[in-house]
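Readers should treat all values here as calculations from the given coordinates under stated rules, not as data from a laboratory. Just so we're clear, the structure is a prediction, and the values are computed from it rather than from any experiment. When we count neighbours, we look across all protein chains shown, and the Cβ atoms used for this are built from the backbone with ideal geometry, even at glycine.
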Amino acid sequence: MATKAKPTDEFRDHISTVDDQGKRIWVYPKKPKGKLYNYRKYVSYLLLALLFAGPFIKINGLPLLMLNVVERKFVIFGVLFWPQDFFILVLAFLTLVVFIILFTVVYGRVFCGWVCPQTIFMEMIFRRIEYAIEGDYTKQRALDKMPWNTEKILKKGSKIGVFLLISFLISNLFLAYIIGIDELKKVILDGPLEHKAGFGALLLFTGVFFWVFAWFREQVCTIVCPYGRLQGVMQDKKTVVVAYDYTRGEPRGKLRKNQERTEGDCIDCNQCVQVCPTGIDIRNGAQQLECINCTACIDACNDIMRMIDKPEGLIRYESEEALETGKKWTFFTNRVMGYTAVLAILLTALTTLLLTRDEAEATILRTPGQLYQKAENGQIKNLYNISVINKTNHEMPLTLKLLDKEGTIKVVGNTLILPAQGIVEGVFFAEIAQKELKGMNSEIEIGVYNGEELITSTDTKFLGPAN
Ligand code: SF4
Ligand code: SF4
């Protein structure tokens with residue numbers, strides 16, 4: 001009698017979508033259906049609604065999320081960050097990375113199957129349009145094999161048309177998250193001649209999205225995505241993944257009528273393989289790099305189990321250790337506790353930085369080539385250049401004051417008006433009595449005020465005569 005052996009690792013030597021000659025094997029996944037697929041549909045509707053509504057949502061007049069790499073201006077949850085806040089962004093990015101690692105260590109690739117935009121667009125939009133136009137996997141395969149006739153031209157043509165349209169829509173959305181919805185409106189309303197760069201970007205993104213979803217598809221997950229590539233180092237045997245229970249399923253064997261069954265519960269119907277969008281066989285073993293944990297195979301197998309009157313869950317969310325030992329899954333492993341501690345430290349540092357962050361940031365430098373001057377009243381004068389960045393969405397009339405010395409500040413020319421989300425530059429004189437100074441080179445602190453409110457301060461040098 002065959003033993004309930006754990007599958008071998010031989011399958012890990014090659015990619016399921018590449019043949020021995022190195023050519024791509026096109027995946028025709030069977031249309032999925034089932035409880036988990038329905039849940040994934042609801043989750044995707046919610047996420048898509050949020051994604052498309054995102055550019056229109058504003059907090060204090062600023063977008064929810066805008067990553068303007070062109071102007072180096074970033075808005076996250078309505079908070080404006082400039083390149084000067086780079087260290088906060090780096091810390092936020094590190095915190096996010098640790099959170100993702102922690103989440104992956106515990107729950108595996110739940111993100112890939114349920115939240116990743118690539119999976120949502122591919123499986124919940126483009127794939128479903130393909131099923132609607134070309135039919136299920138057998139019909140798609142037959143259509144690809146048939147010579148070009150009216151039916152094929154019509155079906156392929158309409159599919160390409162709809163794919164291009166949706167790619168264009170996603171391209172607009174993508175650009176809205178980069179330049180903001182107001183700028184995007186201008187690009188659309190003023191026409192391509194007025195905004196050649198913006199329109200060029202729209203066309204470029206459309207082409208890239210179309211190429212990804214019409215042709216490149218699952219290869220984004222199996223070849224390109226760094227998160228997918230790193231699964232091997234983030235997951236361990238305690239990680240929960242979509243897994244085939246080989247202890248229950250093996251030895252597999254076809255179901256035969258009127259014959260007492262001596263094999264395991266897997267009837268080798270191949271339904272789990274046929275629905276897989278990355279073309280793998282989950283029965284080869286848990287933690288396959290190509291598995292995006294989409295749960296389609298769980299639904300397919302549960303359907304079969306119900307049909308043959310066996311309990312559901314031959315393929316289910318489970319840890320490799322639980323499958324091997326039958327032990328219950330535990331949350332707190334040493335690795336999880338270690339990552340949680342690092343995450344807590346990073347979150348504390350990030351919160352502190354965000355709470356103590358100034359509304360504005362000033363750079364004050366002595367005007368190059370200028371020494372000090374003596375005023376008529378005997379005070380010593382230094383000339384400075386000031387540049388202030390506004391990190392809020394409201395305009396601020398600025399006044400400058402010396403914080404640690406007696407003296408006055410006189411702004412040259414107009415008063416300093418700091419525009420919303422903008423920068424103001426100016427020139428001013430600082431006048432200080434000689435008795436306040438310590439030698440030729442004194443340190444002074446200048447406060448930048450919005451009305452009576454001190455919004456930021458900065459240190460600079462003040463030159464004077466030797467005492
Ligand atoms: S093996 Fe199952 S969960 Fe993994 S990608 Fe294929 S169908 Fe989805
Ligand atoms: S769907 Fe279930 S029963 Fe059918 S081959 Fe896959 S694991 Fe076996």
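Going by a ≥ b ≥ c, the root eigenvalues of the Cα gyration tensor, does the stretch 168-213 fall in the rounded group (a/c under 1.5), the prolate group (a/b larger than b/c) or the oblate group? Could the numbers behind the result be given before it?
Working: a/c = 2.57, a/b = 1.54, b/c = 1.66.
Verdict is oblate for the stretch 168-213.
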### Query
What does the charge count near F429 come to, summing +1 for each Lys or Arg and -1 for each Asp or Glu among other residues with Cβ under 9 Å from its Cβ?
+1
#### Entry: 14 Å beta-carbon shell around F213, net charge (K/R +1, D/E -1)
+1
### Message
I need the phi-derived Karplus couplings for the stretch 402-411: 6.51 cos²θ - 1.76 cosθ + 1.60, θ = phi - 60°, integer Hz, Gly and Pro marked x.
### Response
6, 9, 10, 9, 6, x, 10, 10, 10, 6
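If you take the square roots of the eigenvalues of the alpha-carbon gyration tensor of the stretch 302-372 and sort them as a ≥ b ≥ c, do you get rounded (a/c under 1.5), prolate (a/b over b/c) or oblate? Can you show the working numbers first?
Values: a/c = 5.67, a/b = 3.47, b/c = 1.63.
Cα axes put the stretch 302-372 in the prolate bin.
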### Query
Can you give the Rg to Rh ratio of the stretch 360-463, both from alpha-carbon atoms, with Rh computed by the Kirkwood formula?
0.97
### Query
Restricting attention to the alpha-carbon atoms of the chain, what are Rg (one decimal) and Dmax (integer), both in Å?
31.4, 114
### Task
Step through the residues of the stretch 127-144 one at a time and calculate ³J(HN,Hα) from phi using the Karplus curve (6.51 cos²θ - 1.76 cosθ + 1.60, θ = phi - 60°), rounding each to whole Hz and writing x for Gly and Pro.
5, 5, 5, 4, 4, 5, 8, 9, x, 6, 4, 5, 5, 4, 4, 5, 5, 5
### Task
Please turn the phi angles of the stretch 379-391 into ³J(HN,Hα) values with the Karplus equation 6.51 cos²θ - 1.76 cosθ + 1.60 (θ = phi - 60°), one per residue in order, whole Hz, x for glycine and proline.
6, 9, 10, 10, 9, 10, 9, 10, 9, 10, 9, 9, 9
### Query
For the cross-link pairs K41/K159; K381/K401; K35/K257; K159/K254, which exceed 26 Å when the distance is taken from alpha carbon to alpha carbon?
K35/K257; K159/K254
